[in-house]
Amino acid sequence: MSFRILTLNQISARGLARLPADRYQVGADIAAPDAILVRSAELHGAGIAASVRAIGRAGVGVNNIPVDDMSRRGVPVFNTPGANANAVKELVLAGLLLLGARNIGPAWLFARGLSGDDSAIEAAVEAGKKRFVGFELPGRTLGVVGLGAVGVEVANSALALGMKVLGYDPQLTVQRAWQLSSSAEQAASLEDLFARSDAITLHVPLNDATRALVNGARLARMRDGGTILNFARAAIVDEAAVVAALDAGRLHAYVCDFPKRALKDHARVITLPHLGASTSEAEENCAVMVAEQMRDFLENGNIRNSVNFPDTVLPRVPGTTRLGVANRNVPNMVGQISTALAAHGINIADLLNKSRGEYAYTLIDADGALGEALLAELRAIDGVLSARIL
């Protein structure tokens, strides 16, 4: 069994090493690929080949991938939650100090602009340093919107620095809840979090529910002199509302990873060139993680960290043949699949079916060989999106 992997961005050698050269052909010019590995390349409108069975994103955001189209084709889209969490956490904490608490950015620019001899510089420093008086973090309240891999790390680190932490995430998973310090407090709502926070950091995906999550009405609830930190996605923040709050003096600072014309030259804004996951460690971690997930799916049909299909992991039964089926989440789908196998005299040794929203996925370990005739029958079932023998 061999596979062809199309890489649309440079993927670290350590990541690609997880795809054995004797079974995987990997490169930027692969024809009819089985899968695509991508970082930031835009896939919308790219004409993704019919041969593609999976797409792996070496990172968290999948805005560059047509996820809905892939879902309708039964193609899982993988990402790498947590692989770059430490890198983003460190930048959030740096951002909190750069402009929010200690005014490091403006003070640095001030010092770089000094002229004259050392005596003149020293005099200017003494006269000007009062402009950059900040505050210390202990006792201040950090609101964390989104308690996924990054949000949990930010919350725990802020607590270690002596801050109070308010968290808000209506979709908090059991796994992340176990990782979150018990000292973090749950906010009753976004409005509650905004009203009680000195600084707010955002760690949510961009979708219809989160677009302009930070808006004029919520900013008006914040304590005067607050800071907004956005290292998630630009459109989560209403930039015009933020600029208005800064100009009115209600908001102290906005620190983000997304330079825009209206923001980049504002005295109370620091914009960074999308550095959130830009460390060599994070890039390697993401590449390794997505390559391992891709390999497990292609070879065993297992799904881990897909954004459109449920996590489905089934240990293989020795001496069996595995079947993987992606389908719409409708009644009697497993029954129809089982009936088709029974009609071919095939016994099921083990089966796992999981669903997620509109879609479901089934893994079956069957006694004996499976053939193309069975696959054709399964693919003809109304609601089946893809089926393959592993």
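The values are calculated or read from the model by the stated rules, or taken from the named source; none is laboratory data. All values reported here derive from a predicted model rather than from experimental measurement. Cβ coordinates were reconstructed from backbone atoms using ideal geometry, including for glycine residues, and neighbour counts include every protein chain displayed. Heads up: the accessible areas ignore ligands, DNA and RNA and are worked out on the full protein's heavy atoms, side chains in. Shrake-Rupley method; radii C 1.70, N 1.55, O 1.52, S 1.80 Å.
The table below gives the values:
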item: Filter result for the condition that a residue is buried (at least 21 other Cβ atoms within 10 Å of the Cβ) and closer than 23 Å to A85 by Cα, over A149, A177; result: A149
item: Residue in the stretch 203-225 that is more than 24 Å from the chain's Cα centre (by Cα), surrounded by 15 or more Cβ atoms within 10 Å (Cβ to Cβ) and assigned to a strand (DSSP E or B) present; result: no
item: Sole residue being over 21 Å from the mean Cα position of the chain (by Cα) and at positive phi, chosen from G146, G139; result: G139
item: Residue ID - surrounded by the fewest Cβ atoms within 10 Å (Cβ to Cβ), chosen from residues in the stretch 336-355 that are over 25 Å from R304 (Cα atoms) and not aliphatic (A, V, I, L, M); result: G345
item: Selection count where residues are under 14 Å from L99 (Cβ atoms) and either modelled with pLDDT under 95 or assigned to a helix (DSSP H, G or I) (or both), scope the stretch 239-251; result: 2
item: Residue list for the stretch 178-202, restricted to those being small (G, A, S), free of Cβ contacts under 8 Å to residues at least 12 places away in the same chain and either more than 12 Å from V152 (Cα to Cα) or assigned to a helix (DSSP H, G or I) (or both); result: A188
item: Enumeration of residues in the stretch 240-265 that are more than 28 Å from N86 (Cβ to Cβ) and open to solvent by 40 Å² or more (accessible area, probe 1.4 Å); result: A240, A244, D247, A248, G249, R250, R261, A262, D265
item: Test for E377: is it more than 26 Å from D311 (Cβ to Cβ), crowded, with 16+ Cβ neighbours inside 10 Å and of a type outside the set (A, V, I, L, M); result: yes
item: A58, sole failed condition from (1) at pLDDT 95 or above; (2) buried (at least 22 other Cβ atoms within 10 Å of the Cβ); result: (1)
item: Single residue of N230, N302, N285 found to be touching a residue at least 60 places away in the same chain (Cβ under 8 Å), in contact with a Ser or Thr (Cβ under 9 Å, 6 or more places away or on another chain), more than 30 Å from R72 (Cβ to Cβ) and of a type in the set (S, T, N, Q); result: N285
item: The one condition in (1) touching a residue at least 40 places away in the same chain (Cβ under 8 Å); (2) touching a strand residue (DSSP E or B) at 6+ places or on another chain (Cβ under 6 Å) that G82 fails to fulfil; result: (2)
item: Residue check, V26 under 12 Å from the mean Cα position of the chain (by Cα), hydrophobic (A, V, I, L, M, F, W, C) and surrounded by fewer than 23 Cβ atoms within 10 Å (Cβ to Cβ); result: no
item: Any helices (runs of 4 or more DSSP H) falling wholly within the stretch 70-166 and containing at least 1 residues that are within 22 Å of G225 (Cβ to Cβ) and modelled with pLDDT of 95 or more; result: 85-95, 149-160
item: 1 or more residues without any contact (Cβ under 8 Å) to a residue 24 or more places away in the chain and under 22 Å from P318 (Cβ atoms): qualifying strands (runs of 3 or more DSSP E) within the stretch 333-390; result: 348-356
item: Qualifying residues in the stretch 305-321 (those that are more than 21 Å from A287 (Cβ to Cβ) and in a strand (DSSP E or B)) - the one least open to solvent (accessible area, probe 1.4 Å); result: T312
item: Residue, most open to solvent (accessible area, probe 1.4 Å), within the stretch 1-12, restricted to residues that are farther than 18 Å from A50 by Cα and under 22 Å from the mean Cα position of the chain (by Cα); result: Q10
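This table checks each residue for (1) surrounded by 15 or more Cβ atoms within 10 Å (Cβ to Cβ); (2) in contact with a helix residue (DSSP H, G or I) (Cβ under 7 Å, 6 or more places away or on another chain); (3) under 22 Å from P66 (Cα atoms).
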site	(1), (2), (3)
M289	yes, no, yes
I303	yes, yes, yes
A326	yes, no, yes
G357	no, no, yes
E372	no, no, no
L390	yes, yes, no
